[in-house]
Amino acid sequence: MKLLAFPEEGASGFSCSMKGDPDCARMGEGLSDGTVHGAILLTERLSDDIVNYVQFGGKGMNKAVTSKEEILSVSKNMVAQQGLHAINMRSVAKQCGVAVGSVYNYFPSKNDLVIATIDAIWREIIQGIEDRTPSIGFLEEVEKLFYGIKSGGEKYPFFFGIHSMGVGQSGRDKGREIMFQCFDSIQTDLLSSLQADERVNHAFFSGACTQKAFVEFVFSNLISLLSREEATCDLLSAIIREVLYRP
């Protein structure tokens, strides 16, 4: 069984723990340089048996290649404990107990891994909100949303600033895109809840004050409260109650 060693980024050459072995030499043929990317492409052509013994950091890792879900789980834990800036390919591979090439097989770059982690965190937060007690109306849905996102923010500190950290400009743009997609989905659900709430005084809506505009107003204020790390949304709830539920 051969143990392959990934050279550092920018380094040249290809090393094998069994120097002089003709099979090892043949495995290195066709690589114009010894970059990490070249080594990754090589491991993709090897048998699963060999990949499971890929060497990283000078230590043999006798563990099967991890899954995409396991990598994202480790990445989310790193964000929860240290922030998004802690994520890099080598640290994630080390936490997973696998070779760095196993991470690159799923995520071609750090940006890709960070963006996928942001997406996974938002999905976890939204799922947590959906798993809470079903709401009986629009007001309760707003309150459930506030405390659900707040809970997610406590698990992942500074999450609302997370999209501008640890990635390049294209990564930041993609992170914001993911966030806004989640916001659009949330507002669509809020609008449906408002329209279905029979307790609401629907005569309130006229002219520029449409149901959609009101939902956007409520949601923007809810996000503002969360960004300021307010403990409750009591003021927003009182406004909604006064405007929509008066006899």
Calculated FRET efficiency, Glu154 and Gln82, Cβ-Cβ r, R0 25 Å, to nearest 0.05? 0.95
Given a Förster distance of 51 Å, report the FRET efficiency between Asn221 and Ser109 from their Cβ-Cβ distance, rounded to the nearest 0.05. 0.85
Let me check I've understood the local charge: for Leu225, count other residues with C-beta under 11 angstrom from its C-beta, Lys and Arg +1, Asp and Glu -1. What total comes out? -1
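So, by mean Cβ neighbours within 10 angstrom, what's the order for 225-232, 73-80, 114-121 with the highest one leading?
Per-residue Cβ counts within 10 Å, averaged per peptide and sorted highest first, yield 114-121, 73-80, 225-232.
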If we count every other residue with Cβ under 13 angstrom of Asp112's Cβ, Lys/Arg +1 and Asp/Glu -1, where does the sum land? +2
Contact order normalised by length for segment 112-244, with contacts defined as Cα pairs under 8 Å and 6 or more residues apart; what percent is it? 32 percent
Efficiency of FRET between Gln211 and Thr133 - r from beta-carbon atoms, R0 30 angstrom, step 0.05: 0.80
Whole-Hz couplings from phi, Karplus 6.51/-1.76/1.60, listed for segment 74-83; x for Gly and Pro: 5, 4, 5, 5, 5, 5, 4, 8, 10, x
How far, in nm, would the chain grow between Leu235 and Ser73 when pulled straight, counting 0.36 nm per residue and subtracting the alpha carbon separation? 54.7 nm
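We did not get these values from a lab; they are worked out from the coordinates using the rules stated. All values reported here derive from a predicted model rather than from experimental measurement. Methodologically, a virtual Cβ is constructed for each residue, glycine included, from the backbone with ideal geometry; neighbour enumeration extends over all protein chains shown.
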